[in-house]
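One structure, as structure tokens, below. Some questions next.
The values are calculated or read from the model by the stated rules, or taken from the named source; none is laboratory data. Source: prediction; values computed, not measured. All Cβ positions, glycine included, derive from the backbone under ideal geometry; neighbour counts span all protein chains shown.
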Amino acid sequence: MVAGYSGKEVENLERLIDQNIAVFVGPIDKYVTAGSEFKPLDFGRKAQYFTLDVITNLAYGKAFGYLATDSDAYDYIKTVEETLPAAMMARKEVPASGGAVFGEDADVFGPERWLDSPLEKIREQEKTLEIIFAFGKYQCLGRNVALMDLNKVFVELFRRFDFSVVDPQKPIGNNTCMATFAIYNFWVAVTRLGEGLL
Ligand code: HEM
């Protein structure tokens, strides 16, 4: 399992990820808001489809086609939601992001934390952040794949599109952790870079 999920047994891992990213990013064109036409996109759902396409592509050699069909292929998401034991459904509150490491303004978007801090501080921040993948016996086997995805996908999205949250008062509907994080109703308006909303 380690070799499969870490991508070590997968030939052309990077190309495979690139292909899935293209299937994710390309169709976002359909949601571009131009003029008075408003076509919001549920980014939470699309990101879920992308993740599942990458994982099924790695595991079975062929993506199940969540993005291609723009649907919950084989009702996987529905089944997981319905069948996970109640205990798993209990919300796990993510602990406050640790003012001790990131400072009192931990919730504020501040990329300079990673650019201007001393090397020692950056290492401490990185080690703290890595807890997201767990440690030891239960650590995430897909860490390398996930990082490759994340390093590529935002570049591909943000070089083409601009995203604005539809309802800044309530940016996401629900944010649950059922063995995996799931974000629901993350509605965004998409504009092509260089074009403004009228
Ligand atoms: C940012 C994305 C991801 C995060 C934050 C993440 C996080 C985690 C965490 C915290 C666990 C341990 C769960 C537990 O406590 O039992 C885990 C397990 C696992 N993850 Fe991930 N994961 C991510 C992406 C992926 C991807 C893309 C794959 C597959 C390609 C993957 C495959 C796995 C597997 C197979 C396990 C089970 C390991 C085992 O129990 O032996 N993960 N992940």
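Could you please find all residues in region 129-158 being touching a residue at least 24 places away in the same chain (Cβ under 8 Å) and within 14 Å of the ligand (Cβ to nearest atom)?
Once the filter is applied, which keeps residues that are touching a residue at least 24 places away in the same chain (Cβ under 8 Å) and within 14 Å of the ligand (Cβ to nearest atom), region 129-158 yields 141, 142, 143, 144, 145, 148, 149, 152, 153.
Which of the residues belonging to region 33-55 are in a strand (DSSP E or B) and surrounded by 17 or more Cβ atoms within 10 Å (Cβ to Cβ)?
41, 42 - these are the residues of region 33-55 that are in a strand (DSSP E or B) and surrounded by 17 or more Cβ atoms within 10 Å (Cβ to Cβ).
Still on this structure, I have one more. Scan region 68-84 and tell me whether some residue there is assigned to a loop (DSSP other than H, G, I, E, B), within 15 Å of the ligand (Cβ to nearest atom) and modelled with pLDDT under 90.
yes
So, one more: Tell me which of these residue 26 doesn't satisfy, since it passes every other one: (1) part of a loop (DSSP other than H, G, I, E, B); (2) small (Gly, Ala, Ser); (3) at pLDDT below 90; (4) exposed (fewer than 14 other Cβ atoms within 10 Å of the Cβ).
(1)
Turning to a different aspect of this structure: Which of the residues that make up region 29-71 are out of contact with any strand residue (DSSP E or B) (no Cβ under 7 Å at 6 or more places or on another chain) and hydroxyl-bearing (Ser, Thr, Tyr)?
36, 49, 51, 56, 60, 66, 69, 71
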